[in-house]
Each structure stands twice: as structure tokens, then as C-alpha cells.
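Here's the structure, in C-alpha cells; my notes come after.
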Amino acid sequence: MEQVYKGALRAPDHAWLRPWKFIEIRGDSRKKLADSFIKASRSSGEEMTEELEEKLNKAPFRAPMVIVLAADVKEHPKVPKIEQIISLGASAQNILLGLHDIGYSAIWRTGKMAFNKHITDALELPTNYEVIGYLYVGIPSGHIKSLPELDLSDYLTRWG
């Protein structure tokens, strides 16, 4: 994992702000994350049904490791918040590529627990941080979904 994280630190980073924070959660700590999800959902006024509570309680246990992606957003005259969040996104992609390269599987999840002040507080992060998502990491099991074939011409324009 050290090499994977080192790869993450090679992401584009305007003005060397290094807006990346990775919080690795394994084992029993996933229960603490589940409790944080439930508390965040209640704090945001969402009706806590049995189904929702069960879903939130199980979420961190979908994989043996969860990496929380938190942006350390800094005030800077030339680097807006969005660039710092994009930099963290690029570092997360590097993590996904690194994990794949060493034989692991991972998915990036967002949803209501991303960009959620209650989660930032639960993780005891400073107020300038924003959780942008979660990487669920494990080994491939079962059927791996095939990716759809995309027509490059739908996404590429050669200008000039």
C-alpha cells in the first residue's frame, strides 16, 4: 500500500498545495465508520428507517478496507477550491490504478456520506476539509462487470 499511496502523491497539484488526505479504515474500525454514517444521516434530518439503518450499518463492511478521500482545501489566490478537489480526485484515480496493478479491486463511492459536514466532524477533521468519497478495497470476487464499449468519437473533438 505504501507504493500505491506514493503513486497517489504524484497527482497534479497546482501551487504544491498537497490537498490530499487518505484515511485508511480496516477491521473493527469499519463499525466506527458505520456508526458515523448513521449519526450523520440522523443529524441531517433524514428519517431513519430500519432499512436505511441496516444499509448504513453494512456499508463499510462491503470491503475489507475503506479509504476515505478528504480534501484539505486551502485559501489560495490562484488555486480555487475546485482545483484542489480535482487534484484529490486525480490522486484517488492513481490509487485505483495502483491497486488494480497489484491485483486488488476497488470501487469509488460517493452518495450522501460524501460532502457531508457531519462525516468530516466524525472523522475529527479540521473545518476546511471535505470528504469527497470512499474507496472500497478488496480482492476481486464473483462476476466482474464488463465495461460498456464507448465510441471515442462521442467524446473527442480534434480542433484545428
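The values are calculated or read from the model by the stated rules, or taken from the named source; none is laboratory data. Because the structure is predicted, anything quoted here is derived from the model rather than measured. Counting neighbours? That spans all protein chains shown, and the Cβs are built from the backbone with ideal geometry, glycine included.
Here are the numbers for the structure shown:
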| quantity | calculated |
| --- | --- |
| Condition met for Ala71 (hydrophobic (A, V, I, L, M, F, W, C) and over 25 Å from Asp13 (Cβ atoms)) | no |
| Residue tally, condition over 17 Å from the mean Cα position of the chain (by Cα), small (Gly, Ala, Ser) and not in a helix (DSSP H, G or I), over region 1-48 | 3 |
| Cβ pairs under 7 Å, 6+ apart, first in region 46-72 and acidic (Asp, Glu), second assigned to a helix (DSSP H, G or I) | Glu53/Ile38 |
| Residue match in region 137-160 (condition: under 30 Å from Gly45 (Cβ atoms), touching a residue at least 12 places away in the same chain (Cβ under 8 Å) and buried (at least 18 other Cβ atoms within 10 Å of the Cβ)) | no |
| Filter result for the condition that a residue is over 20 Å from Lys21 (Cα atoms) and crowded, with 20+ Cβ neighbours inside 10 Å, over Leu99, Leu56 | Leu56 |
| Residue within region 124-138 that is part of a loop (DSSP other than H, G, I, E, B), closer than 18 Å to Met65 by Cβ and either at pLDDT 95 or above or among the small types (Gly, Ala, Ser) (or both) present | no |
| Filter pass, Ala71 being in contact with a helix residue (DSSP H, G or I) (Cβ under 7 Å, 6 or more places away or on another chain), outside any helix (DSSP H, G or I) and closer than 20 Å to Ile119 by Cβ | yes |
